[in-house]
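Input: a single structure, listed below in structure tokens.
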Amino acid sequence: MDMVKDKNKIYIFNKGGIFLFLLSCSLLFGACSLERRLSSNLDQNFKRSKILNGHHVGFVLFDPVERKTVFEKDANKYFVPASNVKLLTFLTTLKMLGDSVPSLRYIERNDSLIFWGTGDPSFLQSRMKEGHAFDFLKATNRKLFFAPGRYIGPPYGQGWSWDDYNDYYQAEINELPVMDNLIHVKAENGKLQIRPGAFLDCFVIDSVARVKPFNVRRNVTENVFSYPLMSIPDGFSQEIPYKLSVATTLTLLSDTLHKPVGLVRMNMPEDAKTCYNVRTDSLLKEMLQPSDNFIAEQLLLVCSNQLGSDLSTEKTIKQMLRTHLSGLPDSVAWVDGSGLSRMNLLTPRDITTVLDLIYKEINDERRLFSLLPAGGKSGTLKNAYPKTENPYVFGKTGTLSNIHNQSGYVLTKKGKLYIYSFMNNNFVHQTTTIRNEIGRIIREVHEKF
């Protein structure tokens, strides 16, 4: 076999004839050229952006097929990830739970059914109409007894802001959530409608307060809710975390099931059976698309149910870091499931590695992209990109004061898939300004490459 080269072509001669090797070389050189142009384009975008040059910015664009990084900027620097932490919770759930969410552990003794919580946030969740666990408790003819004690941790995660206790996104953590651990309040015919109704007597008028806009505030330490003596505006609605206690849980269960639920102090035996509630994918979608902090926190407890009798966020995190996340490029500070804590610290290349692991674990783009927010279409990316018939960005945002991150998958017009992480910390611009700049750069990746 002989090979002849000229500056444009490579010819390979053999007995069967002449093979023109030009096509393969063109594809190879074309791919290299594409990557160089993409890297150069991104480099210029970051250098020229007046918006991105005044704060801490980290970026990675990774090709999961070729297994290489196309471009990076401060990819090994640490950032507060905010809700990008939910990507770690996403992977943890995929690795540690099956296709359905364990909701209750239970035993049957004589005429009694004794049950323990798993931390399942889907139990009577306000947006999810499906669910087997409630029907299971409702249908039994045995006397019901709740056995608390599997979770003895604090009601809030490490580093959470204490003064956000009245905000919907910081509901308390426990082993048996009921109705999102929130009270739902809305205006109807000039009056407040309160759900669950068991809290109706906990609402009082504060004749001194003159709050604008109108809102309801809970006492820090107890379930006393006050609102100002003024007209309730039409369309008013609010979700307020209630203060957790075993007594409150028993009251809500009894009130909702329409039958008594007693209390028993008893350790859960190893052979306790499991009652499953909803499909895991359904709950993941409810966490990812609206970026639900409560579901994310509780999911780490549910995962710890797979590891033993005690429910512990810390135990789940340690297990993941020892096993499925042991290959992260940089060590991480990871303390909660939602990203509410500023004690979390991750690098952009950590996050792209997590996204790559998720991509491999699911191994089905249609399923994966249906769970995540879609640019211009759904969830927290709905307003970040133009509305198109076929979305091309699927990912997760993360926002706190002076922090806005976006990480996920981008499909290009040429049919390439890239994984990216775009992190912004310590800026003083409006968040929308940062979001628009992220969108501009990711759109260029989609349109030109």
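Key figures for this structure:
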item	result
List 180, 206, ordered by accessible area with a 1.4 Å probe, largest first	206, 180
Value of Rg to Rh for the chain (Rh from inverse mean 1/r over Cα pairs, i.e. Kirkwood)	1.07
Phi-based couplings in Hz for segment 159-172 (Karplus 6.51, -1.76, 1.60; Gly and Pro marked x)	x, 6, 6, 5, 7, 9, 4, 8, 9, 4, 7, 10, 5, 6
Heavy atoms of residue 273 accessible to a 1.4 Å probe, total area in Å² rounded to 10	110
Segment 303-379: Cα Rg divided by the 2.2 N^0.38 Å rule of thumb	1.26
Sequence-distant residues sharing a close amide H with residue 56 (under 5 Å, placed H)	425
Angstrom value of the Kirkwood radius, inverse mean 1/r, which spans all Cα pairs in segment 204-263	13.7
Cα-only radius of gyration and Dmax that characterise segment 223-341, units Å	19.1, 58
Built amide H within the under 5 Å cut-off of residue 70, gap 5+	61, 62, 63
Protection proxy ranking, peptides 255-262, 280-287, 239-246, average beta carbon neighbours within 10 Å, highest first	280-287, 239-246, 255-262
Under the Karplus curve 6.51 cos²θ - 1.76 cosθ + 1.60, θ = phi - 60°, whole-Hz ³J(HN,Hα) for segment 110-121, x wherever Gly or Pro sits	6, 9, 10, 10, 9, 9, 10, x, 10, x, 4, x
Sulfur and carbon atoms: percent of accessible area, segment 360-427 [1.4 Å]	42
At 1.306 mPa s and 10 °C, Stokes D of segment 36-121 from Kirkwood alpha-carbon radius, µm² per second	90
FRET efficiency, residue 414 to residue 306 (Cβ-Cβ, R0 56 Å, nearest 0.05)	0.85
Inter-centroid distance (Cα atoms) of segment 332-358 relative to segment 56-111, Å	7
Axial C-alpha extent at least 20 Å, average Kyte-Doolittle at least -1.0 - helices from the chain (DSSP)	22-48, 348-362, 431-448
Mean Cβ neighbour count within 10 Å, used as a protection proxy, ranking 76-84, 137-145 highest first	76-84, 137-145
Separation between Cα centres of segment 266-318 and segment 412-448, rounded to whole Å	32
Computed [θ] at 222 nm, helices only, for the chain once each DSSP H run of length n ≥ 4 contributes -39500 (n - 2.57)	-9000 deg cm²/dmol
Accessible surface of segment 229-357, 1.4 Å probe, proportion on carbon and sulfur as whole %	49
Solvent exposure of the chain as accessible area per residue, Å², 1.4 Å probe	48
Calculated from backbone phi, Karplus (6.51, -1.76, 1.60) coupling profile of segment 374-381 in Hz, x at Gly/Pro	10, x, x, 10, 8, x, 6, 9
Mean projection area, nm², convex hull over Cα of segment 72-157	8.9
Percent of alpha-carbon pairs separated by more than 23 Å within segment 145-275	41
Placed amide H near residue 236: partners under 5 Å, 5+ positions off or other chain	187
Stokes-Einstein diffusion coefficient of segment 372-420, Kirkwood radius over Cα pairs, 25 °C, 0.890 mPa s, in µm²/s	221
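The values are calculated or read from the model by the stated rules, or taken from the named source; none is laboratory data. Only a predicted model underlies this, so the values are computations on that prediction, with no experimental measurement involved. Glycine also receives a Cβ, built like all others from the backbone with ideal geometry; neighbour counts cover every protein chain displayed. Just so you know, the surface numbers come from the protein's heavy atoms only, side chains and all, with ligands and any DNA or RNA stripped out. Shrake-Rupley method; radii C 1.70, N 1.55, O 1.52, S 1.80 Å.
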